[in-house]
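Reading through the structure tokens given below for one structure.
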Amino acid sequence: MMTSDTGALYRKLVEDQDQLFHPVAQDAQWQKLRQSAWGDFMRLGFPTTRHEEWKYTNILPFLQPPYQIAGKNGVHLNATSIEALDIPGLDAWRIVLVNGVLHPELSILPEAGSLRVLPLEAACGLPQFREHFGRYIETGNNHFAALNTAMASSGLFLEVARNTTPSKPVHLLHLTTGSSPLLIQYRNLLVLQPRSSLNLVEQFVPLYLSGDVLVNSATEMVLLEGASADHFRIQNGNQHEATVNHTQVFQDASTLYNNHTYCLNGKFIRNNTHVAIGAPGGESHLYGLYLTAGDQLVDNHTFVDHRKAGSRSNEWYKGVLKDRSSGVFSGKIFVRPGAQKTNAFQQNNNILIGENATINSKPELEIFADDVKCSHGSTTGQLDEEAAFYLRTRGIGEQTARSMLVHAFAYDLTEKIRLEPVKRYINKLIDEKI
Amino acid sequence: MKTDKEILEDLSQREYEYGFSTSIEMDRAPVGLNEETIRFISLKKEEPDFLLEWRLKAYRHFLTCEMPAWQNFRLPRIDFQKISYYAAPRAKKNLNSLNEVDPELVATFEKLGIPLTEQKMLSGVAVDAVFDSVSVATTFSSKLGELGIIFCSFGEAVRSHPDLVRKYLGTVVPVTDNVFAALNAAVFSDGSFVYIPPGVRCPMELSTYFRINAENTGQFERTLIIADKGSYVSYLEGCTAPRRDENQLHAAVVELIALENAEIKYSTVQNWYPGDKEGKGGIYNFVTKRGICRGDHAKISWTQVETGSAITWKYPGVILKGDFSEGEFYSVALTKNFQIADTGTKMIHLGKNTRSRIISKGISAGRGQNSYRGLVRVAAHADHARNFTQCDSLLIGDQCGAHTFPYIESRNNTATLEHEATTSKIGEDQIFYCNQRGINTEKAVALIVNGYAREVLNQLPMEFAVEAQKLLAISLEGSVG
């Protein structure tokens, strides 16, 4: 049933479906998954503001451009323009995806050993792929994830071997490029084998991007027993870029997952960050900062699913909103029946600077077990005028004083970053943004 | 001493104490809902044309409504055609004193402890008792009349003050607000009407007891309270209902209007029949309550203690339109067995320098599900709006649920909004501490729960605070998580 007037793109997708459904590497299991997800998408269509999950975010304007479906053909970029995107001082394996397609010639890939990196379609024969792919993202009630599952055939497969830690962090560069409207969809699967660990810095950057793009990406990340990950996401698009990102993390026993999300530029960013702690002893920390200006719309939805007893989560999202920009934060802590001894915390702080800025905050708790400690808090306010005044009495200019206050506000989150070069880099981006 | 398990079993098996039913002849409308039913009700109540038209407008809107699906529970299918929309005790004309009231009815009120009789008048409560659908006795009217206060049944207000009714009816909860508000507007049978003239401070707490009696009779009450400039009124609403195996729908509408410098305090103790321990039966309490602070410096305060009903679903809200106006919401909601509560508030800040405060305390036991759902919205021109929200949940037993769904929307960069929520169980250390001092576990739990809810109970007028504390104690003594 088509329930919305988001029709043009929907109709185009339906019309082109034969062409879009070239079997991927003749893999029957994957093909079956795609078909079932396609059925879900046909039923769901694109969301409207009548859907609870999209109540504050009207996707309609971002569906209007006459998108072409991005192909899998390579795009020629020269290596020097890529090097300019390296994070200063960060010695890392560089993996470059251009419009969702892995480009080994632009990447610095690790030797065989701890890390295995493959284009998604090349991995589909592997048992790890068969075991995990599509198992964690549910498409029955998730419009964009259904579309992604049905259509995305490029992306990245990354595996960290059992009991190992890669010698360097992984710098995952997602580049978007193009001069005409494009719909880009890709899908990543990251598997951390038992007791492995990973530092992953994901960066989303436009390069020679002058046409409107809609990126619909999905990532599944599996942390098997005892694994740990530090996952950074730096979203720094431009005014042409609309992004819908679904990240689904599954944590096995005694795992640690840290997510650091920084939403800086981009016309529209929607992040669904779902973490399922499926075994005792799992721990997750989600930190997010969104700095918006102009007409930006940044929407962060998080969902922490405590499935078994004895897990912990901690979530802290902060936002500074300027001009006419809008922010949405929706966080849910879900404690399933029997998930006793859960300890979950969630906080959302917002500062509205722009006179026409809007923030919609929806921190939620759904608790089905009694022996738990769960709490959340949300505040919306202004930069402290008295603090600004204090700084100015000390001879600090107004701009500098405000910038200092925003930095101080963000400090709670940036101080959690353990990779020094990444911390410096993010602070620099924050500076540029203010 | 009982073990925890026994105490819990006790709690979950405790049956409704006020379950009895009265046999009185009823004057019923034919079962079913159509325009004829509405005309029948309107005719019975000798209503002016504008009201009939308003009812029909609401009914036509009702026909276009779909049942909501966003709530945090499965909405049971309600067959609106199986409800009788009008039932009234056979009227004896113009009752002047209690002696003329059906003695059986008076006995029912006595059983419920409603202060209708002479000595109870001394307690200072004016009671507009609604038995099923029609007000049968109104006390203190003359005393209030001296001050110019109008406190009467809705039907009477329509007859004697049609201009006031016409001016304010449906201005806070329009017929198009939601499906149950539309239904209520179409078929409401009676309710209460209060008007406080400018500058008058109502000298007593006004109170109405509702009671569902007839089988298969939905209760559609409508309350309209208007506090004119600089006036003050405190209004109490409380209910108990006899036990019944069939589910009953209660879809009331309450509208509060506070003009400049006026203050309205509205308190509810709700104890409808919650269904038995298997979750069978019980009242569906789907109520639309909303107030508007129309003038500057107006104040509206909602206090509610919800312990009954199979499903409680309501969000008493305040529209803060006047500058410097103030809204408050204090709530204790208790669910046990298979009870469901999806309740909270809406604070809509429109005026400048408006303030709101929300304190919500949920208690879930057995298999009860308790949701707080609250909206705080600051419009673009509501400079310097201020909100503080605190919602706590207490879980007793491992099969219940406590949920929090706040919606915080700000379009103004001078607003300061705070929200915090916690979920926990009664600490073993707290119990242990009490035990240590010779307080047994049962009493300790009552003590802790009472302390937990104190912030809200303190807001209730004296008479109600006692009843509310008793209710909480009856429902929860000895429940150790």
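The values are calculated or read from the model by the stated rules, or taken from the named source; none is laboratory data. Being a predicted model, the structure only gives us computed values, none of them experimental. Counting neighbours? That spans all protein chains shown, and the Cβs are built from the backbone with ideal geometry, glycine included.
Of these, B:Thr389, B:Thr423, B:Thr404, B:Thr416, which one is over 20 Å from the mean Cα position of the chain (by Cα) and over 25 Å from B:Val269 (Cβ atoms)?
Details: B:Thr389 fails: over 25 Å from B:Val269 (Cβ atoms); B:Thr423 fails: over 25 Å from B:Val269 (Cβ atoms); B:Thr404 fails: over 25 Å from B:Val269 (Cβ atoms).
The conditions single out B:Thr416.
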Q: At least 1 residues that are among the hydroxyl-bearing types (Ser, Thr, Tyr) and within 12 Å of another protein chain (Cβ to nearest Cβ) in each: list the strands (runs of 3 or more DSSP E) lying fully within region B:297-396 that qualify.
A: B:355-365, B:369-378, B:386-396
Q: Scan A:Leu321, A:Leu419, A:Leu413, A:Leu405 and give me the residue that is surrounded by 18 or more Cβ atoms within 10 Å (Cβ to Cβ), in contact with a Ser or Thr (Cβ under 6 Å, 6 or more places away or on another chain), aliphatic (A, V, I, L, M) and not assigned by TED's automatic domain parsing to the domain that holds A:Asp91.
A: A:Leu321
Q. B:Ser410 is checked against (1) surrounded by 21 or more Cβ atoms within 10 Å (Cβ to Cβ); (2) within 18 Å of A:Ser375 (Cα to Cα); (3) at the interface with another protein chain (Cβ under 10 Å from one of its Cβ atoms); (4) of a type outside the set (Phe, Trp, Tyr) and fails just one. What number does that condition carry?
A. (2)
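Within region B:425-447, which residues are of a type in the set (Val, Ile, Thr) and either surrounded by 19 or more Cβ atoms within 10 Å (Cβ to Cβ) or touching an Asp or Glu at 6+ places or on another chain (Cβ under 7 Å) (or both)? Can you show your working first?
Filtering region B:425-447 down to residues of a type in the set (Val, Ile, Thr) leaves B:426, B:431, B:439, B:441, B:445.
Across region B:425-447, the qualifying residues are B:Ile426, B:Ile431, B:Thr441, B:Val445.
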**Q.** Top-ranked residue of region B:451-463 - restricted to ones that are in contact with a helix residue (DSSP H, G or I) (Cβ under 9 Å, 6 or more places away or on another chain) and crowded, with 16+ Cβ neighbours inside 10 Å, ranked as farthest from the other protein chains (Cβ to nearest Cβ)
**A.** B:Leu460
Q. Here is a list of conditions, (1) closer than 17 Å to B:His403 by Cβ; (2) crowded, with 21+ Cβ neighbours inside 10 Å; (3) within 11 Å of chain B (Cβ to nearest Cβ); (4) not acidic (Asp, Glu), and A:His306 meets all of them except one; can you say which number that is?
A. (3)
Q. Would you say B:Val466 is among the hydrophobic types (A, V, I, L, M, F, W, C) and within 30 Å of A:Ile333 (Cβ to Cβ)?
A. no
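Report whether or not B:Ala421 is touching a residue at least 24 places away in the same chain (Cβ under 8 Å), crowded, with 22+ Cβ neighbours inside 10 Å and more than 9 Å from every other protein chain (Cβ to nearest Cβ). Lay out the reasoning, then the answer.
On the way: touching a residue at least 24 places away in the same chain (Cβ under 8 Å): yes; crowded, with 22+ Cβ neighbours inside 10 Å: yes; more than 9 Å from every other protein chain (Cβ to nearest Cβ): no.
No; evaluated as a whole, the condition is false for this residue.
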**Q.** Checking B:Glu428 against (1) at pLDDT 90 or above; (2) more than 9 Å from every other protein chain (Cβ to nearest Cβ), the condition it does not meet
**A.** (1)
Q.
So, restricting to strands (runs of 3 or more DSSP E) that lie completely within region A:123-222, which ones have at least 3 residues that are surrounded by 23 or more Cβ atoms within 10 Å (Cβ to Cβ) and of a type in the set (Lys, Arg)?
A. none
**Q.** Selection count, region A:330-345, where residues are of a type outside the set (A, V, I, L, M), at the interface with chain B (Cβ under 9 Å from one of its Cβ atoms) and buried (at least 24 other Cβ atoms within 10 Å of the Cβ)
**A.** 0
Q: Provide a single number: the residues in region B:404-437 that are within 19 Å of B:Ile363 (Cβ to Cβ) and in a strand (DSSP E or B).
A: 9
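Given the criteria touching a residue at least 24 places away in the same chain (Cβ under 8 Å) and within 14 Å of another protein chain (Cβ to nearest Cβ), does A:Ser403 qualify?
no
What number of residues within region A:86-108 are under 21 Å from A:Ser217 (Cβ atoms) and surrounded by fewer than 16 Cβ atoms within 10 Å (Cβ to Cβ)?
In the first step, residues of region A:86-108 are kept if they are under 21 Å from A:Ser217 (Cβ atoms); the result is A:87, A:92-104, A:106-107.
Next, only the ones that are surrounded by fewer than 16 Cβ atoms within 10 Å (Cβ to Cβ) stay: A:104.
Total meeting the criteria: 1.
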Q.
Condition check: in contact with a Pro (Cβ under 6 Å, 6 or more places away or on another chain), surrounded by fewer than 17 Cβ atoms within 10 Å (Cβ to Cβ) and in the same structural domain as A:Glu159 (by TED's automatic domain parsing). Does A:Pro66 satisfy that?
A. yes
(Q) So in region A:394-408, with the set limited to residues that are within 25 Å of A:Leu289 (Cα to Cα) and of a type in the set (A, V, I, L, M, F, W, C), which one is farthest from the chain's Cα centre (by Cα)? (A) A:Ala401
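Going by the conditions given, is B:His403 free of Cβ contacts under 8 Å to residues at least 60 places away in the same chain, crowded, with 19+ Cβ neighbours inside 10 Å and in contact with a strand residue (DSSP E or B) (Cβ under 6 Å, 6 or more places away or on another chain)? Full working, then the answer.
Numbers: free of Cβ contacts under 8 Å to residues at least 60 places away in the same chain: no; crowded, with 19+ Cβ neighbours inside 10 Å: yes; in contact with a strand residue (DSSP E or B) (Cβ under 6 Å, 6 or more places away or on another chain): yes.
Here the answer is no, as B:His403 does not meet what is asked.
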Q.
Out of A:Leu198, A:Leu158, A:Leu172, A:Leu182, I need the residue that is touching a residue at least 40 places away in the same chain (Cβ under 8 Å) and closer than 18 Å to A:Gln251 by Cβ. Which one?
A. A:Leu158
Q | Scan of region B:344-357 for residues that are surrounded by fewer than 24 Cβ atoms within 10 Å (Cβ to Cβ) and within 18 Å of the chain's Cα centre (by Cα), ordered by number | A | B:Lys346
Q. Which residue pairs have Cβ atoms closer than 8 Å, lie 6 or more positions apart in sequence or on different chains, and pair a first residue in region A:359-386 that is more than 7 Å from every other protein chain (Cβ to nearest Cβ) with a second residue that is among the basic types (Lys, Arg)?
A. A:Leu383/A:Arg402
Q) Could you list, in sequence order, the residues of region B:227-246 that are at pLDDT 80 or above and either assigned to a loop (DSSP other than H, G, I, E, B) or closer than 13 Å to B:Ile257 by Cβ (or both)? A) B:Ala227, B:Asp228, B:Lys229, B:Gly230, B:Ser231, B:Val233, B:Tyr235
